[in-house]
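The values are calculated or read from the model by the stated rules, or taken from the named source; none is laboratory data. None of these values were measured; they are calculated from a predicted model. Virtual Cβ from ideal backbone geometry, glycine too; neighbours counted across all protein chains shown.
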Amino acid sequence: MSQNSTVNDNSAQPEVTPSVDGIPVDSLAATGQPVVARRSLVSRLPMTVFWALAAQAILSITRLLTSMTVGGRFGSGSEEQLGYYSSAFGVLMILVGLHEAFVTTPLTVFNQNRKDDQRSLFSGSMLITSVLVIGLIAAATGVLIAIQSGFQILKPELGAALVAAAALAPLQLLREFSRRWLLANLQVVASVWMEILFAACYLAALFGLVYAANVSAISVFVTIGSVNAFGLAIWWWIYRSEFQFASRSTTLQVSENFRYGRWVAGENVCSVLTMYMCVWVLTFAVDEAAAGVFFACFTVVLLANPFLLGIASILAPRAAQEFVRDGWVGLRKILLQYGILVVGVLACFSGFLFIFGDELTDFFFGPKYAQYFVDNFDGVNRITATLGLAMPLLGLSFVLTSGLLAANRPFESFYAAVVGLVILIVANLAFSDRTLETAARSFVVSIAGTMLCRLFFLIRAYRSESGRPAATEPSTT
């Protein structure tokens with residue numbers, strides 16, 4: 001595949017100016033302090049990572065409390081409601097993945113190639129692109145809602161949960177844009193405060209649902225949408241001056257995002273399908289309660305998300321910046337640093353779950369889930385420990401994806417995601433009896449296959465291109 005730029009208008013594609021913390025390298029050299037500036041960047045990295053982890057921790061805690069509440073740990077939820085919620089939430093994540101592909105991932109990658117005085121116009125173009133993508137998604141989901149309403153293909157309870165998730169999608173996607181825009185511009189501390197605002201409002205509303213004994217998948221989706229609308233209004237009031245709008249710039253940006261994002265879209269859809277395929281299989285092959293119990297175990301495993309996604313949020317723009325500035329040498333260095341950190345931490349987390357996963361699941365979701373394993377698995381919960389084995393592999397896969405995207409190779413990350421999804425489907429079909437244990441094993445094997453493919457593609461790209469100059473524009477072909 002060619003690595004050429006897809007936009008010919010030079011005024012719309014400013015020349016890349018390598019920088020450190022937004023300061024042009026040439027300016028640093030003129031001051032005679034290039035080494036000091038680079039050391040300053042490294043010395044500030046741990047605090048930047050800390051704030052990124054804090055933002056992700058707040059987001060993950062709210063999702064954990066949501067799953068616990070819907071699952072019946074607090075209030076009137078149940079395993080069945082958690083099954084409905086997780087099935088609908090997986091569909092919502094597919095929509096988030098499409099929006100991420102065509103909007104927030106290009107925002108993160110292309111933002112590093114814009115000069116400071118042109119970023120407000122770029123931000124405005126990206127916001128309009130986000131609204132256009134959301135409009136297309138809303139139209140498509142509207143058709144699916146009409147089909148479900150007319151033909152009742154799914155169970156009424158599951159269909160209603162899916163309709164509620166689809167109605168929530170536009171606000172959730174704009175909410176995700178606001179978060180990723182702050183991170184792409186390295187306003188990490190501000191993103192933490194925005195997460196605190198959203199979380200405080202949402203948890204207060206969630207407490208109201210528990211108090212009113214009105215906890216269900218549908219009521220939770222409605223609550224999330226209401227809080228998103230309130231928080232987005234505050235975000236826009238604070239940052240509206242950072243956005244400028246021009247029709248020509250937006251047209252060029254939409255075209256560029258589509259050419260780049262189509263590979264990321266495929267990868268994101270495959271990745272979400274991989275994450276939620278087991279929930280859907282259990283929903284239809286066993287029952288909603290089995291899907292809810294599996295998702296409860298999966299939620300405990302995702303306690304590592306604050307660390308994993310926080311690191312990924314910082315690594316993506318840093319990797320793109322290093323590749324623009326130092327080529328493969330800089331990219332290899334930062335991937336090794338983050339890779340060792342991520343694998344080391346998540347391997348310890350996996351070991352902890354192997355020993356205490358059963359107890360953690362009981363603690364977070366209550367005795368009714370322990371009783372499920374007594375009734376069906378001789379009282380032993382191996383699901384949480386098995387799923388935990390996937391976390392170091394998933395963490396390394398995240399790091400490798402950042403490297404492939406920074407090196408302008410989104411198509412290869414997509415191919416790896418397809419391989420992982422195929423492995424998951426084949427692994428599920430290989431078991432004649434669908435159970436929670438077979439679903440967990442299939443998931444781990446799939447994540448391992450995806451990671452190995454991404455590692456292979458990155459090593460091959462490094463060996464073939466490490467002697468060439470660094471690319472200055474992300475590939476869109």
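Annotation note: of T223, T250, the sole residue that is buried (at least 16 other Cβ atoms within 10 Å of the Cβ), touching a residue at least 40 places away in the same chain (Cβ under 8 Å), of a type in the set (V, I, T) and part of a helix (DSSP H, G or I) is T250.
Can you name every residue in segment 226-247 that is outside any helix (DSSP H, G or I) and either touching a His at 6+ places or on another chain (Cβ under 7 Å) or among the hydrophobic types (A, V, I, L, M, F, W, C) (or both)? Step through it out loud before you land on a result.
Just the residues of segment 226-247 that are outside any helix (DSSP H, G or I), to begin with: 243-246.
Listed by number, the residues that qualify are F243, F245, A246.
So that you can scan it fast, the table gives a plain yes or no per residue for (1) basic (K, R); (2) more than 30 Å from I459 (Cβ to Cβ); (3) surrounded by fewer than 19 Cβ atoms within 10 Å (Cβ to Cβ):
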residue	(1), (2), (3)
Q321	no, no, no
D326	no, no, yes
V342	no, no, no
L346	no, no, no
S350	no, no, no
Y369	no, yes, no
Y372	no, yes, no
D375	no, yes, yes
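Being among the aromatic types (F, W, Y) and crowded, with 21+ Cβ neighbours inside 10 Å is true of F177.
Exactly one residue out of L282, L315 is buried (at least 24 other Cβ atoms within 10 Å of the Cβ), touching a residue at least 40 places away in the same chain (Cβ under 8 Å) and farther than 29 Å from V188 by Cα: that is L282. Scanning segment 384-400 turns up at least one residue that is touching a helix residue (DSSP H, G or I) at 6+ places or on another chain (Cβ under 6 Å), outside any helix (DSSP H, G or I) and at pLDDT 80 or above.
Would you point out the residue of segment 316-366, among those that are of a type in the set (V, I, T) and under 24 Å from the mean Cα position of the chain (by Cα), that is nearest to G403 (Cα to Cα)? It comes out as I334. Selection of segment 329-340 for residues being loosely packed, with under 15 Cβ neighbours inside 10 Å and not basic (K, R) yields V329, L336, I340. Give the residue that is surrounded by the fewest Cβ atoms within 10 Å (Cβ to Cβ), with candidates limited to residues of segment 401-448 that are in a helix (DSSP H, G or I) and acidic (D, E). Step by step, filter segment 401-448, then rank; the result is E437.
Do we find that S11 is hydroxyl-bearing (S, T, Y), modelled with pLDDT under 85 and not in a helix (DSSP H, G or I) in this structure?
Answer is yes for this residue.
Here's the yes/no breakdown for (1) within 30 Å of V300 (Cα to Cα); (2) within 23 Å of the chain's Cα centre (by Cα); (3) buried (at least 17 other Cβ atoms within 10 Å of the Cβ):
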site	(1), (2), (3)
T104	yes, yes, yes
Q118	no, no, no
L121	no, no, yes
I128	no, yes, yes
G135	no, yes, no
G142	no, no, no
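Among the residues of segment 211-224, are any of a type outside the set (D, E), closer than 27 Å to L162 by Cβ, within 18 Å of the chain's Cα centre (by Cα) and at pLDDT below 90? No, segment 211-224 contains no residue that is of a type outside the set (D, E), closer than 27 Å to L162 by Cβ, within 18 Å of the chain's Cα centre (by Cα) and at pLDDT below 90.
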